[in-house]
1. All but one of (1) more than 25 Å from PHE219 (Cα to Cα); (2) surrounded by fewer than 22 Cβ atoms within 10 Å (Cβ to Cβ) hold for VAL329; which doesn't?
2. With respect to the numbered conditions (1) surrounded by 21 or more Cβ atoms within 10 Å (Cβ to Cβ); (2) touching a helix residue (DSSP H, G or I) at 6+ places or on another chain (Cβ under 9 Å); (3) modelled with pLDDT of 90 or more, which one is the sole condition not fulfilled by CYS241?
3. Looking at region 124-149 only, could you name the residues that are among the aliphatic types (A, V, I, L, M) and in contact with a helix residue (DSSP H, G or I) (Cβ under 6 Å, 6 or more places away or on another chain)?
4. Give the residue, chosen from ILE113, ILE84, that is within 16 Å of SER143 (Cα to Cα), hydrophobic (A, V, I, L, M, F, W, C) and crowded, with 20+ Cβ neighbours inside 10 Å.
5. Among (1) buried (at least 21 other Cβ atoms within 10 Å of the Cβ); (2) in a loop (DSSP other than H, G, I, E, B), which single condition is LEU717 missing?
6. Name the single residue that is modelled with the lowest pLDDT among those in region 575-588 being surrounded by 19 or more Cβ atoms within 10 Å (Cβ to Cβ) and either in contact with a helix residue (DSSP H, G or I) (Cβ under 8 Å, 6 or more places away or on another chain) or under 24 Å from GLU477 (Cβ atoms) (or both).
7. Among the residues of region 244-253, are any among the aliphatic types (A, V, I, L, M) and at pLDDT 90 or above?
8. What residue, among those in region 689-714 that are buried (at least 19 other Cβ atoms within 10 Å of the Cβ) and in a helix (DSSP H, G or I), is modelled with the highest pLDDT?
Amino acid sequence: MTLLDMEKKLCVPALLVLVLLSASIADSQQLQSSQSQTLLRIQQLLHFPPALSLWNSSTDFCNSEPNPSLTVVCYGDSVTQLHIIGNRGGARLLPKSFSMDSFVTTLVKLSDIKVLTLVSLGLWGPLPGKIDRLSSLEILNVSSNFLFGSIPHELSTLANLQTLILDKNMFTGELPDWIGSLSGLTVLSFRKNMFNGSLPSSLSGLSALRVLDLASNRFNGEVPGLSHLTNLQVLDLEGNCLGSRFPRLGDKLVTLILSKNRFRSGITSEGMSSFYQLQHLDLSSNTFIGPFPTSVLSLPGITYLNISHNKFTGRLNVNLSCNSELMLVDLSSNLLTGSLPTCLKPSSRNRLVSYSGNCLDTALENQHPVSFCSNEALAVGILPQRKKRKISKAGLASGITAGVSGLVLLVVVLFVFVRRINAEKTAKKAHPRLIMENASTRYTSKLLSDARYISRTMTLGAVGIPAYRTFSLEELEYATNNFETSAFMGEGSEGQIYRGKLKDGFFVAIRCLKMKKSCNTQNFMQHIELVAKLRHRNLVSFLGHCFECYLDDSTVSRMFLIFEYVPNGNLRSWISDVHMGRLLTWEQRISTAIGVAKGIQFLHTGIVPGVYANNLKTTDVLLDNNLGAKISSYNLPLLESVGKKMSSSGRKDGEKLDIYDFGVILLELIVGRPLKTKSQVDVVKEQIQGSVSEEDAAARRSMVDPTVHRECSDQSLKTMMEVSVRCLLEDPWERPSIEDVLWNLQFASQVQDGSPGRATASS
């Protein structure tokens, strides 16, 4: 065989191998190209966020260096993990052209993906059910976006799902019962959404669960038994309306947060001592009653303990022991007595301890007298504990005899006393004097029967505001220097108002009302007990009351209503006058509008029946030290008997009247000047309505207060204008609900965040 023949024979198989190899490479490139095109399409649909700025057609996605904003992990030629994180400080909403449905349609082409993280990217719209096509999905995190609506039922088919995080979105509706079918879940976090309703009992079946975070939603009712969740380490239910019983829990918890709810009972020292791994416990801002379980101080892992703003009772002693790693303890605003434990006294340890607002035997921090805690405990139905002892029959008989004798003696004394009082009444003219009530009286049966007026949102109390109580006239005279002229703030149809400073340094506003001769305390006590619980961070809260009565017939001569003092003036002065050299920025105006809207929402839904037709104006909105908005004038049923003109509007009519008034407030925030007549409001509304319908952003900006028109983004401004115009529609039934208003205002705030024109102050 010649050399030429051999070359010909070898050439044929070599050529065949080359062809097969080329075909294989081409097939591999085709698969990789499909995945690459999907990723580039995702970049386009997300409007080229900074995290994806380096992607292009030549990017080797599977071998790219990961960073905190972007990670792509591949197995073979398929993407198995995709992490995209936008602006952590708050993403801007994607444009109106964005479609969540189209985005998910593209996303599911990455069919082998197991871990998907899409955080702070401005995604908006309902979460499509077709996301269940990612059947291999184990971790889904779409937090800090603008997704709304209910959770799609199709998620229940993701059998491999282990982590589901939907934090900081706008999801609504109840938590579905099918959530219990995701048996492999280890992390379930729906923090900061708008879920409502009760928690499903199926949660107790998620035996693999390690983290359950449902904080800052609107859940209510009892917490289902979670004692079977033996792997649960973190439970955070803060900021809901859950309660009243302390939940049944497993003993492996490391973090337990139940603050800002309506839990009331069910804690025992024996139960708490079983949490041997517990490190972080927060029970603050509830209505817990009964003895404080002191054993929690010495739990082997405890480092953080907060039980403030409850009604825990019990006597502390100096010999109580504490865990050496305990770094923060807050026992303030309870009903604790006795001595502060030695382990909680100031020492060289870097430990923060607060215990003000109790009845402890110490000169440090503000303490009430022991009688205060005793009266308060009785008012909430906590009886002092006594040791049981056996009583003999002879002792019982002696006790009955002594009791009867004492009763006879008491009747005789009362008879003599009444005759003496009658003689004094005829001898001299009756004069007004103060009738002191107990600092905390027992709830009457009438009040308890009317407890339905207090709603689930009642417990969202204003942080830092003292508990409601009865004041003495001497306290008010001290606070106002005997009601001197310098303390006088003004006078209106609801009486004179004074500014005062209590002995503990807390500033108050005191309204003095002169009463008709026929008025007596019983006419007001039910109303007072109810409005005392109208606590919300966006309302000026009641702090207490004081009656001055005539001796002859116990009728009320004067009634004093004590409110929290809000120091920074009213909203109108901050948008139409230079207030201490400053005007509100655009962001602050949106924040103020949101605060007022939340206050209105509370008035409408915080008690049943709601408080409507409040005749709100910018002069009725006060700003606190942090420029937080507080509504100072609302249509209280208490003042109906005092002479305030009450609206006869029904629920729906009154609700829509408040929406109209809120629209006027929004107009003033936008244009920066007072609108005192309806004709002025109508003119500005027509101008704004015309500018909203135009595409010219400059036309809209020309309508805005000149001090802020450079800093507001067009989308934010347009949203504010649209909301105000809708609130001012002539047909009340076409005006939006307060929930709809709130959603749009929050949208305006999110759109404004991160815009180039942001500013922090206007001079």
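The values are calculated or read from the model by the stated rules, or taken from the named source; none is laboratory data. These numbers come from a predicted model, not from an experiment. All Cβ positions, glycine included, derive from the backbone under ideal geometry; neighbour counts span all protein chains shown.
1. Exception for VAL329: condition (2).
2. (1)
3. Step one: list which residues in region 124-149 are among the aliphatic types (A, V, I, L, M), which gives 127, 131, 134, 137, 139-140, 142, 147.
Within region 124-149, just ILE131 meets the criteria.
4. Numbers: ILE113 fails: within 16 Å of SER143 (Cα to Cα).
ILE84 is the lone residue from the list that is within 16 Å of SER143 (Cα to Cα), hydrophobic (A, V, I, L, M, F, W, C) and crowded, with 20+ Cβ neighbours inside 10 Å.
5. (2)
6. Kept after step one, since they are surrounded by 19 or more Cβ atoms within 10 Å (Cβ to Cβ), are these residues of region 575-588: 575, 583-588.
Narrowing further to those that are either in contact with a helix residue (DSSP H, G or I) (Cβ under 8 Å, 6 or more places away or on another chain) or under 24 Å from GLU477 (Cβ atoms) (or both): 575, 583-584, 586-587.
Working: ILE575: 88, LEU583: 83, LEU584: 90, TRP586: 94, GLU587: 93.
Ranking the candidates gives LEU583 first.
7. Filtering region 244-253 down to residues among the aliphatic types (A, V, I, L, M) leaves 249, 253.
In the following step, the residues that additionally are at pLDDT 90 or above were identified as 249, 253.
Scanning region 244-253, I find at least one residue that is among the aliphatic types (A, V, I, L, M) and at pLDDT 90 or above, so the answer is yes.
8. Here the answer is ARG700.
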